[in-house]
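S.K.: I'd like to ask some things about the structure below.
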Amino acid sequence: MNGDYDADVVVVGYGPTGVVAALTLAGEGATTIAFEREQDVYQRARAMTVNDWTVRIFQALGIDRRVAPTLEPQRASRWLTYDRTEIHRVEHPPSVMGGPSRFYNIYQPALEKELRACAAERPEIDVRFGYEVTDLEQDDEGVTIRAADLASGRATTVRSRYVVAADGGSSRTRSVIGASLLGDTLDVTWVVIDCRVKRWWPDRDILTFWSDQERPVVDVALSAGNHRWEIPLRPDESPADYPTSVEVWRLLHAIGVSEDDVEIHQHAFYRHHTRTADTWRAGRVFLAGDAAHLMPPWAGAGMQSGVRDAYDLGWKMGRVLTGSLAPEWLDTYEAERRPNVAYYTDLAVHLGRIIKQELSPVEQAELMRRADRDPAGELATPRLAAGWFRGSFARTSLVGRMVPQPMVTDTLGRRLLLDDFLGNGFVLLGADVDPLEVLSPAEREGWDRLGARYVRVSPTAAYASGPDACVDTDRMLLPWLEGSSARVVAVRPDRFVAATDLEGLTVPQFPVPAAREGQHGPEGTVSEGAATPR
Ligand SMILES: Cc1cc2nc3c(=O)[nH]c(=O)nc-3n(C[C@H](O)[C@H](O)[C@H](O)COP(=O)(O)OP(=O)(O)OC[C@H]3O[C@@H](n4cnc5c(N)ncnc54)[C@H](O)[C@@H]3O)c2cc1C
């Protein structure tokens with residue numbers, strides 16, 4: 001009990017978003033009570049991929065090695081018609097974010113199980129399984145949360161400073177705070193068929209979208225010996241036509257899959273939503289993950305967006321709770337995350353149009369042209385397009401861009417990943433220069449107040465000494481900085497560049513400007529990144 005509070009934060013719902021919120025807050029020293037109405041992880045395998053941004057978040061939480069066995073590198077994605085004409089293909093370039101791969105196949109229940117196991121080791125996190133949150137009320141000082149123990153029917157009340165509502169697509173908390181879920185739900189019902197693999201078949205490790213107007217099919221290897229097909233039902237079909245795996249086999253036989261390849265493990269029916277809550281915050285209560293937004297699965301970004309919400313909100317809220325960041329930081333959560341989620345939602349809708357063969361010949365040609373050009377580029381990393389940043393989000397600017405993560409060598413000769421060298425605070429990085437030589441006294445005062453560290457990145461061809469210098473032994477960081485002509489970049493704890501010397505190193509001010517219309521995500525527009533979801 002902290003003063004009059006039972007915990008700093010109450011997390012409603014303990015799916016991937018809720019667990020990552022609790023883990024991030026615990027990393028900042030904040031205590032959490034999480035309420036989850038189910039006893040076990042949801043067994044339907046929903047998410048099928050994650051990328052290196054999400055894995056870098058796991059690294060920041062110190063759980064990347066624990067989670068690694070649940071991730072399997074994904075080789076490539078392709079869009080084929082049934083006559084095996086390849087419409088589009090993305091060979092995944094190597095990751096520049098510190099891990100072995102850019103994209104990974106997962107099996108969501110296995111990933112969630114491991115996330116929960118990691119969280120169970122944190123004394124700051126108290127999870128109450130079998131409890132349903134029924135209501136909450138807030139005042140100037142905190143939030144009072146009411147929950148029911150579903151086994152006994154007994155009611156319980158707890159009080160916290162903040163609430164993170166990660167209670168999924170049908171979030172009750174969303175209604176309690178008066179937020180509305182705006183957008184559409186498509187009419188088409190998809191059957192998602194999860195199978196256990198019995199033998200290898202050609203190119204099983206390529207994520208394949210069988211593109212067809214009537215019966216497009218998603219064909220993807222999940223981790224740990226699982227495989228998934230997602231198939232839309234025709235207008236004259238309904239879930240009642242597929243009550244058991246006997247009927248579902250008809251769909252797999254029709255696309256050439258046989259009992260020699262797999263056994264069906266489970267199947268479920270989904271409709272695709274493109275919906276976002278009109279506000280993600282009411283006072284001390286914040287919506288995150290599916291509670292805040294729902295998108296079609298084509299960009300593989302629904303769960304990942306929830307994980308990113310949770311991490312973004314968690315590191316800011318944790319530091320606001322300890323007083324090391326001003327409360328205005330909490331306003332940057334929705335300002336930063338909403339445009340990024342909009343980017344992935346638009347990307348998912350666009351990719352869905354390819355699968356359903358809805359692109360015009362001109363759009364199709366444009367897609368191929370962009371793929372040829374490799375829009376992601378060798379050193380491209382995720383980008384935010386609004387929030388606590390100084391400067392423009394122009395394509396050539398590093399502002400809003402995540403720093404790549406090579407291995408570096410400290411000046412005592414030890415090799416380690418950049419993030420492990422930098423620690424978890426604000427850092428100013430100088431390209432072969434001590435950042436303190438570039439900052440004015442006023443600029444320095446602002447970064448000092450945030451507890452920033454000043455690090456010189458040295459080339460391998462120079463002497464370097466002291467704890468605040470590292471050597472760019474992978475030869476990745478200096479070319480990345482010098483490519484934009486920046487001498488010094490200010491990096492936030494989440495590794496996004498907040499400011500550069502090119503556009504001024506004064507600490508960004510509040511209130512943060514909102515994203516402009518069409519200013520979405522990784523490359524500033526929706527279409528630029530479409531061939532390579534990031
Ligand atoms: C077919 C399909 C494929 C997908 N593929 C991908 C993919 O490849 N990549 C990707 O990133 N995402 C994918 N997704 C999306 C992903 O599965 C979801 O975005 C993700 O599970 C959302 O996580 P969450 O924690 O926000 O919500 P949920 O996982 O829904 O968790 C919410 C939790 O809150 C609990 N809860 C609800 N109300 C209460 C209450 N009142 N009190 C206490 N507990 C409560 C629920 O029991 C639940 O455990 C896919 C989804 C589907 C359906």
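Read-outs: derived from the displayed coordinates by stated rules, not from any lab. None of these values were measured; they are calculated from a predicted model. Note that we place each Cβ from the backbone using ideal geometry, even for glycine, and neighbour counts take in every protein chain shown.
S.K.: Using only Cα atoms, locate the centre of segment 172-230 and the centre of segment 321-341, then give the distance between them in Å, rounded to an integer.
M.R.: With segment 172-230 and segment 321-341 each reduced to a Cα centre, they are spaced 32 Å.
S.K.: Now for a separate question. Once you have all Cα-Cα distances for segment 207-261, histogram them in 10 Å bins from zero and send the whole-percent values.
M.R.: Spelled out per bin, shortest first, that is 20, 54, 25, 1.
S.K.: Once the dipole of the chain is set up with Lys and Arg at +1 and Asp and Glu at -1 on Cβ about the Cα centre, which of Gln213, Val96, Thr411 lies farthest towards its positive end?
M.R.: Value computed over the given set: Thr411.
S.K.: Counting alpha carbon pairs within less than 8 Å and at least 6 residues apart, what relative contact order, in whole percent, applies to the chain?
M.R.: Reported as a whole number, the value is 15 percent.
S.K.: In which sequence would Ser77, Ser484 go, from the one with the fewest C-beta neighbours within 10 Å to the one with the most?
M.R.: With the sparsest Cβ surroundings first, the list reads Ser484, Ser77.
S.K.: Determine the distance separating the Cα centre of segment 244-318 from the Cα centre of segment 20-86; give it in Å without decimals.
M.R.: The two parts, judged by their Cα centres, are 11 Å apart.
S.K.: Run the numbers for Asp468 and Arg146: contour at 0.36 nm per residue of separation, minus the present Cα-Cα distance, in nm.
M.R.: 111.1 nm
S.K.: Let me ask something additional. Using DSSP, restrict attention to beta bridges with both residues in the chain and report what percent are antiparallel, rounded to the nearest 5.
M.R.: Details: 71 of 101 bridges.
Bridges in the chain that DSSP calls antiparallel: roughly 70 percent.
S.K.: Using the Cα centre of segment 389-509 as the reference point, and only Cβ charges (+1 on K/R, -1 on D/E), how large is the resulting charge dipole? Debye, rounded to the nearest 20. Intermediate results must be reported in sequence, preceding the final value.
M.R.: On the way: 13 positive and 16 negative charges, 55 e Å.
Using Cβ point charges on Lys, Arg, Asp and Glu, segment 389-509 gives about 260 debye.
S.K.: Work the Kirkwood hydrodynamic radius out for segment 78-162: mean of 1/r over every pair of different alpha-carbon atoms, inverted, in Å.
M.R.: On the way: mean 1/r = 0.0553 Å⁻¹.
Across segment 78-162, the inverse of the average 1/r is 18.1 Å.
S.K.: What aspartates and glutamates sit close enough to Lys316 to cross-link, taking a C-alpha to C-alpha distance under 14 Å and skipping anything fewer than 8 places away on the same chain?
M.R.: Asp8, Glu28, Glu328, Asp331, Glu334, Glu336, Asp494
S.K.: For segment 1-125, what is the Kirkwood hydrodynamic radius in Å, using each pair of distinct C-alpha atoms? If you can, show how the numbers build up before the last one.
M.R.: Working: mean 1/r = 0.0612 Å⁻¹.
Evaluated over segment 1-125, this radius sits at 16.3 Å.
S.K.: Turning to a different aspect of this structure: Filter the DSSP H helices in the chain by two things, a Kyte-Doolittle mean of at least -0.5 and an axial alpha-carbon span of 15 angstrom or more, and list the hits by number. Could you put the intermediate results ahead of the total?
M.R.: Values: long enough: 16-27 (16 Å, 1.47); 108-120 (18 Å, -0.25); 302-322 (30 Å, -0.34); 331-355 (37 Å, -0.44); 361-372 (17 Å, -0.93).
Helix filter hits for the chain: 16-27, 108-120, 302-322, 331-355.
S.K.: Among DSSP beta bridges whose residues both lie in segment 389-509, state the antiparallel percentage, nearest 5.
M.R.: Values: 13 of 21 bridges.
Close to 60 percent.
S.K.: In the neighborhood of Cys118, defined by Cβ-to-Cβ distances under 14 Å, what is the net charge if each Lys or Arg adds +1 and each Asp or Glu adds -1?
M.R.: Every neighbour counted, the sum reads 0.
S.K.: Using the basic label-point model (7 angstrom from Cα toward the beta carbon), what is the Arg453 to Gln509 distance in nanometres?
M.R.: 3.0 nm
S.K.: With the radius of gyration and the Kirkwood radius both derived from the Cα set of segment 300-340, what is their ratio Rg to Rh?
M.R.: Answer for segment 300-340: 1.04.
S.K.: List the chymotrypsin sites (Phe, Trp or Tyr not before Pro) within segment 130-215 that fall in a DSSP loop (any state other than H, G, I, E or B) and whose Cβ has at most 16 other Cβ atoms within 10 Å.
M.R.: Trp200
S.K.: Run the simple label-point estimate for Arg415 and Gln266 please: 7 Å along Cα→C-beta, distance reported in nm.
M.R.: Between Arg415 and Gln266, the simple spin-label model gives 4.2 nm.
S.K.: Right, here's the next one. Report the Cα-based extents of the chain along its three principal axes, largest first, to the nearest Å.
M.R.: If we take the Cα atoms of the chain, the spans are 72, 60, 42 Å.
S.K.: Once you wrap a convex hull around the alpha carbon atoms of segment 389-509, what is its projected area averaged over all directions, in nm²?
M.R.: If I average the Cα hull's projected area over directions, I get 6.7 nm².
S.K.: Show me the GluC sites (Glu not before Pro) within segment 270-350 that DSSP assigns to loop and that have at most 12 other Cβ atoms within 10 Å of their Cβ.
M.R.: Loop-located and lightly packed - none at all.
S.K.: I've got another one for you. Taking one equal scatterer on every alpha-carbon of segment 158-238, how large is log10 of I(q)/I(0) by Debye at q = 0.17 1/Å?
M.R.: -0.86
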